[in-house]
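Please treat every number below as a calculation from the coordinates, not as lab data. Fair warning: this is a prediction, and the values are worked out from it, not measured in the lab. Neighbour counts are summed over all protein chains in view; Cβ atoms, including those assigned to glycine, are modelled from backbone coordinates with ideal geometry.
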Amino acid sequence: MLVRLLYASRVTSPLTPATVDAILEQSRNNNRVKGITGILCFSDELFLQVLEGGRDAVCELFNAIVKDERHVHVRLLSYEEIQERRFGAWTMGQVNISKVNPSVLLKYSKTPELNPFDCSSYASMSLLNDLIASASVVNRSC
């Protein structure tokens, strides 16, 4: 059975490019083996991530993320059984939200900033779909 999990978290310290690269490299290596796909949106302050795959693999990964000291205020925004993957082209696609046109962000929130803590999970997922449609997701790697 496939599931999709959407979560948001705040970073414990500002993200450096090296930290983001290390997170993505580890994710891509581990996710390939576990059959997990998804996308990671990040800014200097937060993460918004979708994980898709088998229920056990996704739940185990989310439990590890909750314990990761680089995150605080980890919030499960959505969890659902799915028939097909929406983010299946990426072992972990990435979007640096600071490089996204602010009008795209404003479409889904009160301000032109990513704040999944202050909008619905539907709005966050719609934003991710727009980012895919606008080719804002990089590192297609399966």
For this session: Give me the Debye-computed log₁₀ of I(q)/I(0) at q = 0.12, 0.18, 0.19 Å⁻¹ for segment 2-133, equal point scatterers on Cα only, no solvent, two decimals.
Result: -0.41, -0.99, -1.12
Exercise. Mind listing which trypsin sites (Lys or Arg not before Pro) in segment 82-134 are in a DSSP loop and have 12 or fewer other Cβ atoms within 10 Å?
Worked result: Lys110
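In what sequence do Glu52, Glu45, Glu84 fall when counting other Cβ within 10 Å, fewest first? Please list the in-between numbers first.
Numbers: Glu52 24, Glu45 14, Glu84 8.
By the 10 Å Cβ count, ascending: Glu84, Glu45, Glu52.
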For this session: Could you please tell me the mean projected area of the C-alpha convex hull for segment 60-110, averaged over all directions and given in square nanometres to one decimal?
Result: 5.6 nm²
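Taking the beta-carbon count within 10 Å as an exposure proxy, list Tyr122, Tyr108 from fewest neighbours to most.
Values: Tyr122 12, Tyr108 20.
Ascending number of Cβ neighbours within 10 Å: Tyr122, Tyr108.
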Exercise. Measuring from centroid to centroid over Cα atoms, what is the spacing of segment 1-49 and segment 84-107 in Å?
Worked result: 12 Å
